[in-house]
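Asker: Sharing a structure with you now.
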Amino acid sequence: MTPVDPTPSGMADLRGLTRRRFSRRDVLQAAGLLAGAGLLAGCSVPGARASAIPGDYWADKKPSKFLDWANWPLYLDVGKENGKTVHPSLQEFTEQTGIRVKYEEVIQDMDSFVGTIRPVLASHQATGYDLMVLTNGIYLTQMRELNYLIPLEHSRMPNFFKYADSTSKNPTYDPGNKYTVPWQSGMTGIAYNPKYIKREITSFDDLFDPAFKGKVGMFADNQDLPNFALVGIGVDPAKSTEADWRRAAKRLTQQRDEGLVRAYYQQEYISPLSKGDLWITMAWSGDIFQANASTPGLDLKFVVPEQGAVVWTDNLCIPRYSRNPVSAMELINFMYQPKIAAMVAEYVNYFTPVPGAKKYILDDAKAAKKKSDREELLGIADSPLVFPTKAMESKLYRYATLSPEEVPVWNQIFEPVYES
Amino acid sequence: MTRQRFGRLTAYWLALPGAMWLAIFFVIPMIYLLSLSLMTGNFIDGFKQTFHVATYWHTISLYHDQFIRSIVYALIVTALTILLAYPMAYWIAMRGGRHKSTYLLIILLPFFVSFVIRTLQWQFILADNGFVLGTLKDLHLVGSDFHLLATPVAVICGLTYNYLPFMVLPLYVSIERLDPRLMEAANDLYASKLQALLRVVLPLTVPGIFAGVLMTFVPVASDFVNAQLLGGAKTTMIGNVIYTLYLTNNDYASASALSFTLMGALLIGIFAYARALGTKDVMEAAAL
């Protein structure tokens with residue numbers, strides 16, 4: 001046995017005999033843990049809010065000869081020309097202003113459209129769109145909060161102030177029309193298939209009739225479902241409180257737990273309603289009108305329940321980093337002429353924001369050569385789904401306007417209803 | 001000495017691409033996910049690290065129904081796929097002859113069509129007045145208000161249909177590798193056909209079953225397409241909840257917490273299962 005060498009290197013060996021030595025693996029593990037902990041603590045997710053839009057935004061904006069417009073399908077007048085689908089109102093716009101329009105029907109629902117453009121805007125890039133049509137509600141409020149919408153230049157849209165109806169001006173979700181003007185509006189009410197339901201449907205409570213067990217459809221969203229339920233229990237969503245939200249959610253939960261609801265639908269409720277998988281369902285007015293128009297023999301009914309219905313508005317607005325904002329303003333102003341609004345209303349059959357359009361639709365009806373065309377146009381001019389009657393207007397309620405702090409509370413109350 | 005050194009280093013160099021791959025696409029995202037799950041904040045103003053562990057309890061208390069439902073569905077689907085896939089794989093491996101690969105191709109054929117489209121077809125097949133239920137109703141074999149769509153049965157059927165091939169393939173591989181002489185031996189030793197199956201074939205194909213269970217149970221538990229398209233009022237799975245939390249509500253913290261809990265639960269389940277089967281078998285399965 002050799003004596004331990006008392007030099008420093010020998011001391012190290014000695015220490016190794018008594019104390020546990022750190023192996024390379026220990027060191028690596030410790031380093032890994034430290035790095036992991038550092039990563040855990042270090043990173044954060046920056047907010048998506050962009051800088052405020054400068055007050056003199058419009059000062060240096062020049063007119064251009066191009067416009068890219070993102071809209072929903074079947075939401076603009078359509079004509080045939082040499083076998084090609086054209087939009088007569090846009091053709092007239094191009095003729096009058098020389099602005100070429102790229103019209104894109106890219107918006108299927110707010111979820112996915114906003115989901116697509118939000119990351120682009122968050123990285124300060126142009127979306128490619130100069131004008132888009134967004135429904136009022138949580139997403140629109142969010143886009144505004146994020147500073148992703150350009151304030152409209154009111155001096156460039158005299159037609160709006162001249163021809164828009166009073167409900168389109170100064171809506172609760174956009175005071176003073178700072179960022180948006182309405183494109184068209186519609187209702188969320190009740191639809192039913194009279195092939196299966198032989199009695200008159202008049203009330204929100206009909207969605208709770210045990211006779212329709214398993215044949216009731218409701219919406220799977222955090223917008224229409226909650227607001228419609230609030231109206232159903234007799235509360236104006238715009239004035240509702242958290243206690244009201246809980247009451248409405250409780251009613252909906254009961255309906256679900258009693259087995260009344262077949263499923264919560266996102267878009268695809270028309271097909272089950274036509275096939276008889278559903279007998280009665282929450283529905284959008286325009287969907288029912290278009291389903292009946294496009295399917296011979298189908299006779300679905302749309303009802304504004306006695307408690308009232310929810311009215312929503314799709315709005316024209318300009319996304320940030322738009323390259324042709326002046327052209328967008330031109331189009332907004334153009335579309336508010338009663339003659340042009342009439343062209344659109346004749347085709348899309350939603351509420352038009354321009355009451356003066358009625359006169360032009362009646363003129364077109366007079367001029368129509370075919371009897372069926374004339375009757376259709378007269379029907380549109382008389383339709384309460386295009387020009388709401390005063391009695392109906394009193395029963396229409398707007399979505400609740402939620403602050404960013406209220407949104408998570410609202411979601412946590414209503415999501416467990418349809419995500420069950 | 002230097003040659004040996006060189007050899008050892010070469011092994012590290014060769015492992016580098018794999019390690020980098022794991023680090024970039026698994027370890028870092030996992031740490032990030034964990035970190036995110038402990039943050040508080042909102043989408044507009046951003047999320048900050050606050051080590052807010054309560055998010056976990058909160059999300060689980062809100063969504064434990066969907067959580068348990070997903071696990072239960074996954075267990076049922078896994079059991080059903082084993083029951084369906086085992087005879088299929090056995091038949092192809094033992095009786096397939098020279099057409100084995102044709103049969104396998106037939107099983108994989110549906111994969112040439114998009115997952116969503118395949119699932120959507122079931123909406124037509126199972127519709128209340130569609131050609132299956134409509135016919136049964138006309139024959140008065142089922143009541144007029146009987147329906148399958150929008151029920152747990154539809155979701156479980158859809159899941160079983162979509163994940164069946166993932167069970168067939170590993171089972172086929174392990175059965176195909178069996179030495180037929182073992183079964184002859186069992187026969188010579190007076191084992192009945194059933195006994196030979198239960199005591200010889202089944203134990204020897206446990207690694208295949210394990211691999212199949214891994215490949216079905218885990219993705220089924222986190223699936224959201226089938227519940228979305230075929231489900232109804234009370235069939236939401238945890239995948240749907242996570243999807244909504246992430247993409248609709250932008251509540252990244254809650255969504256990450258739920259994802260992490262799900263992953264933890266699945267890992268614990270799998271390790272327990274591996275333990276029960278014996279580690280050796282699992283290593284074989286991994287080598288498969």
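The values are calculated or read from the model by the stated rules, or taken from the named source; none is laboratory data. Just so you know, these numbers come straight off a predicted model, no measurement behind them. All Cβ positions, glycine included, derive from the backbone under ideal geometry; neighbour counts span all protein chains shown.
Asker: Return yes or no: is B:Y63 assigned to a helix (DSSP H, G or I), within 11 Å of another protein chain (Cβ to nearest Cβ) and out of contact with any strand residue (DSSP E or B) (no Cβ under 8 Å at 6 or more places or on another chain)? Please lay out each step first, then the result.
Answerer: Working: assigned to a helix (DSSP H, G or I): yes; within 11 Å of another protein chain (Cβ to nearest Cβ): yes; out of contact with any strand residue (DSSP E or B) (no Cβ under 8 Å at 6 or more places or on another chain): yes.
When the stated conditions are applied, B:Y63 passes them.
Asker: On to the next question. Which of the residues that make up segment A:89-109 are of a type outside the set (G, A, S), touching a residue at least 40 places away in the same chain (Cβ under 8 Å) and buried (at least 19 other Cβ atoms within 10 Å of the Cβ)?
Answerer: The initial filter retains those residues of segment A:89-109 that are of a type outside the set (G, A, S), namely A:90-97, A:99-109.
Filter once more, so that each one left must be touching a residue at least 40 places away in the same chain (Cβ under 8 Å): A:92-93, A:96-97, A:99, A:101, A:108-109.
A:F93, A:I99, A:V101, listed by residue number.
Asker: Looking at this structure, is A:V386 part of a helix (DSSP H, G or I) and either within 12 Å of another protein chain (Cβ to nearest Cβ) or touching a strand residue (DSSP E or B) at 6+ places or on another chain (Cβ under 8 Å) (or both)? It would help to see each step written out before you state the result.
Answerer: Details: part of a helix (DSSP H, G or I): no; either within 12 Å of another protein chain (Cβ to nearest Cβ) or touching a strand residue (DSSP E or B) at 6+ places or on another chain (Cβ under 8 Å) (or both): yes.
When the stated conditions are applied, A:V386 does not pass them.
Asker: Only one of B:L247, B:L214, B:L197 is at pLDDT below 90, more than 30 Å from A:Y264 (Cβ to Cβ) and hydrophobic (A, V, I, L, M, F, W, C). Can you tell me which? Don't jump to the end; show me each part of the working.
Answerer: On the way: B:L247 fails: more than 30 Å from A:Y264 (Cβ to Cβ); B:L214 fails: at pLDDT below 90.
Every option except B:L197 fails the conditions.
Asker: Given the options A:T188, A:T167, name the one that is of a type in the set (S, T, Y) and part of a helix (DSSP H, G or I).
Answerer: Working: A:T188 fails: part of a helix (DSSP H, G or I).
Only one candidate qualifies: A:T167.
Asker: For A:A381, state whether it is crowded, with 20+ Cβ neighbours inside 10 Å and more than 30 Å from A:L140 (Cα to Cα).
Answerer: Numbers: crowded, with 20+ Cβ neighbours inside 10 Å: yes; more than 30 Å from A:L140 (Cα to Cα): yes.
Spelling it out, A:A381 is indeed crowded, with 20+ Cβ neighbours inside 10 Å and more than 30 Å from A:L140 (Cα to Cα).
Asker: Taking the stated definitions as given, is A:Y173 aromatic (F, W, Y) and within 14 Å of another protein chain (Cβ to nearest Cβ)?
Answerer: Values: aromatic (F, W, Y): yes; within 14 Å of another protein chain (Cβ to nearest Cβ): no.
Here the answer is no, as A:Y173 does not meet what is asked.
Asker: Of the numbered conditions (1) within 24 Å of A:G128 (Cβ to Cβ); (2) hydroxyl-bearing (S, T, Y); (3) surrounded by 22 or more Cβ atoms within 10 Å (Cβ to Cβ), A:Y336 fails exactly one; give the number of that condition.
Answerer: (1)
Asker: Is it fair to say B:Y90 is out of contact with any Pro (no Cβ under 9 Å at 6 or more places or on another chain), buried (at least 17 other Cβ atoms within 10 Å of the Cβ) and over 18 Å from B:M215 (Cα atoms)?
Answerer: Values: out of contact with any Pro (no Cβ under 9 Å at 6 or more places or on another chain): yes; buried (at least 17 other Cβ atoms within 10 Å of the Cβ): yes; over 18 Å from B:M215 (Cα atoms): yes.
Taking the combined requirement at face value, the residue satisfies it.
Asker: Since B:F51 meets every condition but one in (1) within 10 Å of another protein chain (Cβ to nearest Cβ); (2) surrounded by 13 or more Cβ atoms within 10 Å (Cβ to Cβ), which condition does it not meet?
Answerer: (2)
Asker: Among the residues of segment B:111-157, how many are within 14 Å of chain A (Cβ to nearest Cβ) and touching a residue at least 40 places away in the same chain (Cβ under 8 Å)?
Answerer: Number of matching residues: 12.
Asker: Let me ask something else. Please list, ordered by residue number, the helices (runs of 4 or more DSSP H) wholly in segment A:218-304 having 3 or more residues that are away from chain B (no Cβ under 14 Å). Walk me through it before giving the result.
Answerer: Working: elements: A:224-232, A:242-257, A:270-275, A:285-294.
Because the criterion is at least 3 residues that are away from chain B (no Cβ under 14 Å), the helices (runs of 4 or more DSSP H) in segment A:218-304 that meet it are A:224-232, A:242-257, A:285-294.
Asker: Count, please, the residues in segment A:398-417 that happen to be assigned to a helix (DSSP H, G or I) and either over 22 Å from A:G189 (Cα atoms) or over 18 Å from the mean Cα position of the chain (by Cα) (or both). Quick ask: steps written out before the conclusion?
Answerer: Let us first name the residues in segment A:398-417 that are assigned to a helix (DSSP H, G or I), namely A:406-417.
This time we only want the ones that are either over 22 Å from A:G189 (Cα atoms) or over 18 Å from the mean Cα position of the chain (by Cα) (or both), so: A:406-409, A:412-413, A:416-417.
Here the count works out to 8.
Asker: In segment B:19-37, which residues are hydrophobic (A, V, I, L, M, F, W, C) and either facing chain A (nearest Cβ under 7 Å) or closer than 22 Å to A:R49 by Cβ (or both)?
Answerer: Quick first cut of segment B:19-37, residues hydrophobic (A, V, I, L, M, F, W, C) only: B:19-28, B:30-31, B:33-34, B:36.
Result: B:I31, B:L34, B:L36.
Asker: How many residues does segment A:305-333 hold that are of a type in the set (S, T, N, Q), under 23 Å from A:S394 (Cβ atoms) and out of contact with any Ser or Thr (no Cβ under 6 Å at 6 or more places or on another chain)?
Answerer: Total meeting the criteria: 1.
Asker: Here's another thing I want to ask about it. Which one of the conditions (1) in contact (Cβ under 8 Å) with a residue 12 or more places away in the chain; (2) within 14 Å of chain A (Cβ to nearest Cβ); (3) of a type outside the set (A, V, I, L, M, F, W, C); (4) out of contact with any Pro (no Cβ under 6 Å at 6 or more places or on another chain) does B:E176 fail to meet, given that it meets all the rest?
Answerer: All conditions are met except number (2).
Asker: Next question. Which ones in segment B:230-247 are buried (at least 19 other Cβ atoms within 10 Å of the Cβ) and at the interface with chain A (Cβ under 9 Å from one of its Cβ atoms)? Step through it out loud before you land on a result.
Answerer: So the first thing to find is which residues in segment B:230-247 are buried (at least 19 other Cβ atoms within 10 Å of the Cβ), and the list is B:230-233, B:235-242, B:244-245.
Of everything in segment B:230-247, those that are buried (at least 19 other Cβ atoms within 10 Å of the Cβ) and at the interface with chain A (Cβ under 9 Å from one of its Cβ atoms) turn out to be B:G231, B:G232, B:A233, B:T235, B:T236, B:N240, B:V241, B:T244, B:L245.
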